[in-house]
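The values are calculated or read from the model by the stated rules, or taken from the named source; none is laboratory data. The structure presented is a predicted model; accordingly, all values stated were derived computationally and were not measured. No Cβ is skipped: glycine too gets one built from the backbone with ideal geometry, and neighbour counts run over all protein chains shown. Just so you know, the surface numbers come from the protein's heavy atoms only, side chains and all, with ligands and any DNA or RNA stripped out. Shrake-Rupley method; radii C 1.70, N 1.55, O 1.52, S 1.80 Å.
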Amino acid sequence: MPRRTMIEAIREAMAVAMERDDDVVVFGEDVGYFGGVFRCTQGLQARFGKSRCFDAPISELGIVGAAVGMAAYGLKPCVEIQFADYMYPAYDQIVSEAARLRYRSGGQFTAPMVVRMPTGGGIFGGQTHSQSPEALFTHVAGLKTVVPSNPYDAKGLLIAAIEDPDPVIFLEPKRLYNGPFDGHHDRPVTPWARHDLGEVPDGHYTVPLGKAAIRREGSAVTVLAYGTIVHVAEAAAAETGIDAEIVDLRTLLPLDMETIETSVRKTGRCVIAHEATLTSGFGAELVALVQETCFYHLEAPIVRVAGWDTPYPHAQEWAYFPGPERVGRALRAALEG
């Protein structure tokens, strides 16, 4: 089976969708001739033509607004916001138009569109290229929110997102584009070519939205994570020797509560880890849900580990990033609680 980076898997997903459905179009800043800032769309314009993969002006509001109109008309746009940090001018279009279109029209119109955004830190991008805004989307009724952690899932989830009849926010952890990252920034990068989840089948397949995956089975504590922090949690479990069960959520909305409940009821303890800031992060919603559904099975308080409540720093990136040491401390706290 071929092995691909996450960049290649995402590109392949769009190519497969465009090949199968002429209504699928791809556009955004520099995504056409240039192939995108991370090269996720490289070659798509040459293959499918300038009417199906094209450059847009530097206007996030315009990109998403045009996509909403195209989706209402019957096309299936898959648009790229160059960095998730740049999506704020488009937020009104995402929330007030894309997310509400099916409801406000009584089902007469829908917005089958995908908004792709590189997210998260770990690349020395500072406060304007490192944010993790997933909680701003999970708060909005009418949106689905996806965060893959590996190339296999990235391709299958993106195809599923493009084929979905409603708007999907597809957040791509940029630190994972070329290889898994366990939080040890001072060690050589491991390429996806040497990782099992770098195996990506050719052609069409989907990973269903709303279905989590168990990345590591364990009995001592459940870790709920997504994106880059899945790999950090695996490293923390290995380095502490704690028998943690690691749940990769993959899709934040819809959320796979069945898998979460089964794991927490088995272990009796729960750690929730994400890169975004702590206050009002998606982890807070997870805490509430686990507390509501698993209260009588919990042996200790739920523990959260996340980014600090500050802008993402440039000079002190690794003090901000919740690496394996901080996740390891959270695992120990859950066991001692």
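From the list THR310, THR279, THR251, which residue is of a type outside the set (Gly, Ala, Ser), open to solvent by less than 10 Å² (accessible area, probe 1.4 Å) and not assigned by the TED database to the domain that holds LEU136?
On the way: THR310 fails: open to solvent by less than 10 Å² (accessible area, probe 1.4 Å); THR279 fails: open to solvent by less than 10 Å² (accessible area, probe 1.4 Å).
Result of the check over THR310, THR279, THR251: THR251.
Collect the residues in region 1-28 that are under 20 Å from the mean Cα position of the chain (by Cα) and of a type in the set (Asp, Glu), keeping them in residue-number order.
GLU8, GLU12
Can you run down the residue pairs with Cβ atoms below 8 Å, 6 or more apart or on separate chains, where the first is in region 68-81 and in contact (Cβ under 8 Å) with a residue 12 or more places away in the chain and the partner is polar (S, T, N, Q) and surrounded by 23 or more Cβ atoms within 10 Å (Cβ to Cβ)?
From residues that are in contact (Cβ under 8 Å) with a residue 12 or more places away in the chain, the pairs are GLU80/THR41.
Which is assigned to a helix (DSSP H, G or I), touching a Cys at 6+ places or on another chain (Cβ under 6 Å) and closer than 28 Å to ALA161 by Cα, of VAL230, VAL290?
Details: VAL230 fails: touching a Cys at 6+ places or on another chain (Cβ under 6 Å).
Residue meeting the stated conditions: VAL290.
Of the residues that sit in region 214-239 and are of a type in the set (Ser, Thr, Tyr) and open to solvent by 10 Å² or more (accessible area, probe 1.4 Å), which one is farthest from GLY121 (Cα to Cα)?
SER219
List every residue pair whose Cβ atoms lie under 7 Å apart, where the two residues are 6 or more positions apart in sequence or sit on different chains, the first residue falls within region 25-54 and is of a type in the set (A, V, I, L, M), and the second residue, located anywhere, is assigned to a loop (DSSP other than H, G, I, E, B) and surrounded by 15 or more Cβ atoms within 10 Å (Cβ to Cβ).
Taking only residues 6 or more apart or on different chains, the pairs are VAL25/ARG52; VAL25/LEU75; VAL26/THR41; VAL26/ARG52; VAL31/THR41; VAL37/ASP30; VAL37/GLN82.
Which one of these does VAL207 not meet: (1) closer than 24 Å to PHE295 by Cα; (2) touching an Asp or Glu at 6+ places or on another chain (Cβ under 6 Å)?
(1)
I'd like to verify a number: residues in region 1-18 that are touching a Cys at 6+ places or on another chain (Cβ under 6 Å) and either within 11 Å of LEU197 (Cα to Cα) or among the charged types (D, E, K, R) (or both), how many?
So the count comes out to 1.
Give me the pairs, please: first residue somewhere in region 10-24 and over 18 Å from ALA154 (Cα atoms), second residue anywhere and part of a helix (DSSP H, G or I) and not aliphatic (A, V, I, L, M), beta-carbon distance under 6 Å, and either six or more positions apart or on two chains.
Taking only residues 6 or more apart or on different chains, not a single pair turns up.
Can GLU258 be described as loosely packed, with under 15 Cβ neighbours inside 10 Å, free of Cβ contacts under 8 Å to residues at least 12 places away in the same chain and not assigned by the TED database to the domain that holds THR138?
Numbers: loosely packed, with under 15 Cβ neighbours inside 10 Å: yes; free of Cβ contacts under 8 Å to residues at least 12 places away in the same chain: yes; not assigned by the TED database to the domain that holds THR138: yes.
Here the answer is yes, as GLU258 does meet what is asked.
Give me a count of the residues in region 136-152 that are in a helix (DSSP H, G or I) and over 20 Å from GLU275 (Cβ atoms).
1
Name the single residue, out of those in region 211-227 being assigned to a loop (DSSP other than H, G, I, E, B) and among the hydroxyl-bearing types (Ser, Thr, Tyr), that is farthest from the chain's Cα centre (by Cα).
First pass over region 211-227, keeping only residues assigned to a loop (DSSP other than H, G, I, E, B): 211-212, 217-220, 226-227.
So of that shortlist, the ones also among the hydroxyl-bearing types (Ser, Thr, Tyr) come out as 219, 226.
Details: SER219: 26, TYR226: 7 Å.
If we take residues in region 211-227 being assigned to a loop (DSSP other than H, G, I, E, B) and among the hydroxyl-bearing types (Ser, Thr, Tyr), then SER219 is farthest from the chain's Cα centre (by Cα).
So MET14 ticks every box in (1) more than 17 Å from VAL115 (Cβ to Cβ); (2) in contact with a strand residue (DSSP E or B) (Cβ under 8 Å, 6 or more places away or on another chain); (3) not small (Gly, Ala, Ser) but one. Which box is left unticked?
(1)
Just for region 247-291: of the residues that are closer than 15 Å to GLY227 by Cα and among the aliphatic types (A, V, I, L, M), which one is farthest from the chain's Cα centre (by Cα)?
Going through the qualifying residues, I end up with ILE272.
Quick check: is even one residue across region 190-201 open to solvent by 10 Å² or more (accessible area, probe 1.4 Å), modelled with pLDDT of 95 or more and under 22 Å from ALA71 (Cα atoms)?
No, region 190-201 contains no residue that is open to solvent by 10 Å² or more (accessible area, probe 1.4 Å), modelled with pLDDT of 95 or more and under 22 Å from ALA71 (Cα atoms).
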